[in-house]
Amino acid sequence: MGASSGESNSHLSRKLELDRRQVRMWRDKWLSAKEKLIEAELRQSSDGAILKLITEILGDAPRPGTPKHFSVEQAVQIVAIACESPEKSERPVSHWTAKELAQEAIKRGIVEKISPRSVGRFLK
């Protein structure tokens, strides 16, 4: 494509409708792996092995932040509780609050602990 024919990052960014920094980042990733790619071709690696190598080269690095604390199943179970009447759980309220849902999820053993704020995110 354009990068291999020497097109500038600015030109490619306009052509691909990407930020110039994105083009530079992808070009840098590719160039930093040039030796590995040449070596794989010289070894006559299979197409699958080369595709795996390219996927590793272009793959995203781990992102910052905390890992997920709750599985999809846990979130679904909490949302299911929200669809029930609070009276079914012997709660003295007419409508669920995030705090009540958090307490009920813990009581039912769905999660060990959860904040009302996390429950609120599930319900958005």
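The values are calculated or read from the model by the stated rules, or taken from the named source; none is laboratory data. Keep in mind the model is a prediction, meaning the values are calculated, not measured. We place every Cβ from the backbone using ideal geometry, glycine too, and count neighbours over all the protein chains shown.
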task = Answer yes or no as to whether Ile106 is modelled with pLDDT of 95 or more and surrounded by 10 or more Cβ atoms within 10 Å (Cβ to Cβ).
result = yes
note = Glu87: passes all of (1) surrounded by fewer than 10 Cβ atoms within 10 Å (Cβ to Cβ); (2) in the same structural domain as Ala102 (by TED's automatic domain parsing); (3) of a type in the set (D, E, K, R) but (1)
inquiry  = Would you confirm whether or not segment 53-76 contains a residue that is over 23 Å from the mean Cα position of the chain (by Cα) and surrounded by 10 or more Cβ atoms within 10 Å (Cβ to Cβ)?
reply    = no
note = Among helices (runs of 4 or more DSSP H) entirely within segment 1-94, at least 2 residues that are at negative phi, at pLDDT below 85 and in contact with a Lys or Arg (Cβ under 9 Å, 6 or more places away or on another chain) occur in 47-58
